[in-house]
Amino acid sequence: MSEVKSVPTDYGRARLTARTRWRAARRGRRDGRAGIGTDHYARQLERGARMALDDLMARFLKERAAVVGRVHEESERVVTEYDAPREDGRRREDVPAALARFGGWVAQWRTEVTACQQRGRALAACADQELAHYEAAYARAARLEGLPPAGHPGTEALDEPWTGPPDWLLDGVVVARALRILEQRTGPAAAGAGPGERGTR
């Protein structure tokens, strides 16, 4: 039976390497001649893609832990500045520096999450391409009249963190409140300002 690496490390950024294409075709020919079904290869690719995505996610979160920490830290400052009543009961004045810092860290987090999502989707696309190469070689070796339909094991491995909005870990009560304050005070465009607009730390 064909074997598939549990974590595909030889995928390119958005395409298969020549080595992976050759390996998939070789195994497709072998399985086609032996009359082994193609489902097992698709299932192994999906498992491998899921493991690779989990690994990518774990490494991303570990490497970006400091950014997440700053988002939460700055959100507490923003909420305290805008929501906590003054001792004399009067309304607090705007604190643009606090908002700028918070908005900058949120924008950096969203930018980095988006880049990670794109890497995950590229990895999934490579798994789909690998199966297509395997099935094409399988069909030729088995002398099938038509190619079996290529599945999508990589795409099927993608779940909400990879396909949804880049607001991972921004759903805490305090962070959500700080995001609302940021949008109310500066508008949606400023809420997504780039890291260069982070202000004084």
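The values are calculated or read from the model by the stated rules, or taken from the named source; none is laboratory data. Only a predicted model underlies this, so the values are computations on that prediction, with no experimental measurement involved. Using ideal geometry, Cβ is built from the backbone for each residue, glycine included, and neighbour counts are taken over all protein chains shown. We work out accessible area using only protein heavy atoms, side chains counted, and drop any ligands, DNA or RNA first. Shrake-Rupley method; radii C 1.70, N 1.55, O 1.52, S 1.80 Å.
The table for this structure:
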item: Residue within region 117-129 that is modelled with pLDDT under 95 and not in a helix (DSSP H, G or I) present; result: no
item: Residue that is most open to solvent (accessible area, probe 1.4 Å) [pool: residues in region 161-183 that are without any contact (Cβ under 8 Å) to a residue 24 or more places away in the chain and among the hydrophobic types (A, V, I, L, M, F, W, C)]; result: V173
item: Count of residues meeting criterion [open to solvent by 30 Å² or more (accessible area, probe 1.4 Å), in contact with a Leu (Cβ under 8 Å, 6 or more places away or on another chain) and in contact (Cβ under 8 Å) with a residue 24 or more places away in the chain] in region 138-151; result: 0
item: Residue under evaluation L147, criteria (1) modelled with pLDDT of 80 or more; (2) more than 26 Å from the chain's Cα centre (by Cα); (3) among the aliphatic types (A, V, I, L, M); (4) outside any helix (DSSP H, G or I), criterion not met; result: (1)
item: Sole exception among (1) of a type in the set (A, V, I, L, M, F, W, C); (2) at pLDDT 90 or above; (3) crowded, with 16+ Cβ neighbours inside 10 Å; (4) more than 26 Å from R21 (Cα to Cα) for A65, by number; result: (3)
item: Which listed residue, of E76, E130, E135, is acidic (D, E) and surrounded by fewer than 18 Cβ atoms within 10 Å (Cβ to Cβ); result: E76
item: Residue tally, condition over 23 Å from L131 (Cα atoms) and open to solvent by 100 Å² or more (accessible area, probe 1.4 Å), over region 46-62; result: 2
